[in-house]
Amino acid sequence: MFCRNCGSENRDSAKFCIKCGAEIMKRQVEVPTVPKSSFRTNKVWMYLLVFVSILLIGVSYTLFQIWPSTNIRSVTDNSPSGEIEKVVKNSEGKQIELSSDEKEKTTIIKESMPKVFTIFTDESLGSGFLYKKGGFIITNAHVVAGYTNVIVRNSEGQDTPAKVIGISDQHDVALLHAKDYVKERPLEIELNESVVGSEVIAIGSPQGFENTATIGYLTGIGRDIDYDFIYENVYQIDAQIDQGSSGGPLIDAKTGKVIGVNSLLYTGNTSFGFSIPMYSLLNLVDQWVESPMSEHEVASLFDAYGEYVYEDQTLGDKIRSYFDEFWGDYDYDAYYDDYDYDYEENGESYYFVEEDVAEFVLDFRDNYEQALYEEDFYWIEDMLYPGSTAYNALYAYMREVSGEGVYFDFIENTVTDVRIGEDSAVVSTYEVFEFVSYDGESTLFEQKKNYTIVIDAAGYYQISHINIK
């Protein structure tokens, strides 16, 4: 340490200089100080920070007491898209909706799937969807053309029968009715025209791959196409569809409403589809809902039936064999000479009256329906000539079907011609009825029949032979 007076060097512990005797002063380290004004400012901020922290703690505690807690988790969606859905649930287990676009599309698909069906006929398959409460299902006409009864399969693989109650040979649309879905809530329908660029979802069974959902865009509107049917102002879409998609719904990906019926596929260098707008076909479909077409009208529209209509070929062959066995082919013109009838009793003569024999055949049909329902031959016994072919055939047939749990629904019976001969009369009819087997299989029959009528000794009309033309 150096003396500040004379500059001599001394020991560090020396208090006085060994040379000049002056007191030695130790050097102090200079420490910067905080001005009083700055200290006060920092102190204010510190108090403010403490106050805000206390306030936040109090608010958080209050919210924790009055607001339900939430649990956010991710679950794998079972829909065909395989996307991940975010689910938020409160303390009561109720789901809280999130505003995620991906979640919205997934939800739309999940909610729509149970209302979209695969439609089967003997020859092909297509798609359809629940249109209106009451079990009404829309599909394409080309999917069910030539059939009055089809099978619809839901997203869980359950099959149920459905009837075609409306079909057009100009516009590619048809309406089915399925009793099993009478109480089901249908898909929502968009009543207005959609715009180009709308994101869409197509659901159906392309190439038989059921419950398939594809996402795309509406790429064009106002297209007119003439291809077996007249397609007017149809939508063009790039969502993937294929054979089997026909009749399935085209859904707006934002609203979940059905905007069209997928109907056509264009394949070239690129593939795209066409969908019939819902707004363009509602009037036609609603007419069928209010006033369904008869089975005869449906069957005759496409001229696809011939003499018999079979939705199940094995069942149809079995039923037809009954008619072939009991009635077969018969030349009713040759029947006049088979029997010698005496139409006089106690000097009284009996005659055929055209209107009377026609009415008699219609009454017979009503009694025959009741006989099948009651499984009792009594209802028609006195209307058949004893020992005749008609008597024996119907007696055997009723014994064959009684107790089998089958059901007959007589739909139409029209007299088309009456021919009066010397000994008999022949009444021609056009008849339609449905045969439902014990296991629910349904078969529609269209038949043209000739009833040969004779007069018994008491003057009553009786049927001696029934010929299916």
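Among all residues of region 387-410, there is at least one that is modelled with pLDDT under 90, over 36 Å from the mean Cα position of the chain (by Cα), buried (at least 20 other Cβ atoms within 10 Å of the Cβ) and among the aromatic types (Phe, Trp, Tyr).
Look at residue 135 and say whether it is of a type outside the set (Phe, Trp, Tyr) and either without any contact (Cβ under 8 Å) to a residue 60 or more places away in the chain or closer than 20 Å to residue 282 by Cβ (or both). Here the answer is yes, as residue 135 does meet what is asked.
Open to solvent by 70 Å² or more (accessible area, probe 1.4 Å) and of a type outside the set (Ser, Thr, Tyr) - does that describe any residue in region 270-282?
No, that holds for no residue.
For region 419-437, does any single residue satisfy the condition of being touching a strand residue (DSSP E or B) at 6+ places or on another chain (Cβ under 7 Å), open to solvent by 60 Å² or more (accessible area, probe 1.4 Å) and closer than 30 Å to residue 298 by Cβ? The answer is no; no qualifying residue exists. Evaluate the following for residue 366: is it touching a residue at least 60 places away in the same chain (Cβ under 8 Å) and not polar (S, T, N, Q)? The answer is no for residue 366.
Scanning region 352-386 for residues that are open to solvent by 70 Å² or more (accessible area, probe 1.4 Å) and of a type in the set (A, V, I, L, M, F, W, C) returns a single hit, 379.
In region 192-233, which residue that is among the hydroxyl-bearing types (Ser, Thr, Tyr) and either assigned to a helix (DSSP H, G or I) or touching a residue at least 40 places away in the same chain (Cβ under 8 Å) (or both) is surrounded by the fewest Cβ atoms within 10 Å (Cβ to Cβ)? Across region 192-233, the extreme among qualifying residues is 219. Taking each residue of region 431-453 that is free of Cβ contacts under 8 Å to residues at least 24 places away in the same chain and looking for partners that are among the hydrophobic types (A, V, I, L, M, F, W, C) and open to solvent by less than 10 Å² (accessible area, probe 1.4 Å) with beta-carbon atoms closer than 7 Å, six or more apart or interchain, yields 449/466. Inspect region 403-412 for any residue being touching a residue at least 60 places away in the same chain (Cβ under 8 Å) and closer than 18 Å to residue 297 by Cα and give the result as yes or no. Yes: region 403-412 contains one or more residues that are touching a residue at least 60 places away in the same chain (Cβ under 8 Å) and closer than 18 Å to residue 297 by Cα. Inspect region 234-242 for any residue being open to solvent by less than 20 Å² (accessible area, probe 1.4 Å), outside any loop (DSSP other than H, G, I, E, B), out of contact with any helix residue (DSSP H, G or I) (no Cβ under 9 Å at 6 or more places or on another chain) and not aliphatic (A, V, I, L, M) and give the result as yes or no. There is at least one residue in region 234-242 that is open to solvent by less than 20 Å² (accessible area, probe 1.4 Å), outside any loop (DSSP other than H, G, I, E, B), out of contact with any helix residue (DSSP H, G or I) (no Cβ under 9 Å at 6 or more places or on another chain) and not aliphatic (A, V, I, L, M).
The values are calculated or read from the model by the stated rules, or taken from the named source; none is laboratory data. Predicted, not measured: the structure shown is a model, and the values here were computed from it. Reconstructed Cβ throughout: ideal geometry from the backbone, glycine too, with neighbour counts over all protein chains shown. Keep in mind that these areas ignore ligands, DNA and RNA; they rest on the heavy atoms of the full protein, side chains included. Shrake-Rupley method; radii C 1.70, N 1.55, O 1.52, S 1.80 Å.
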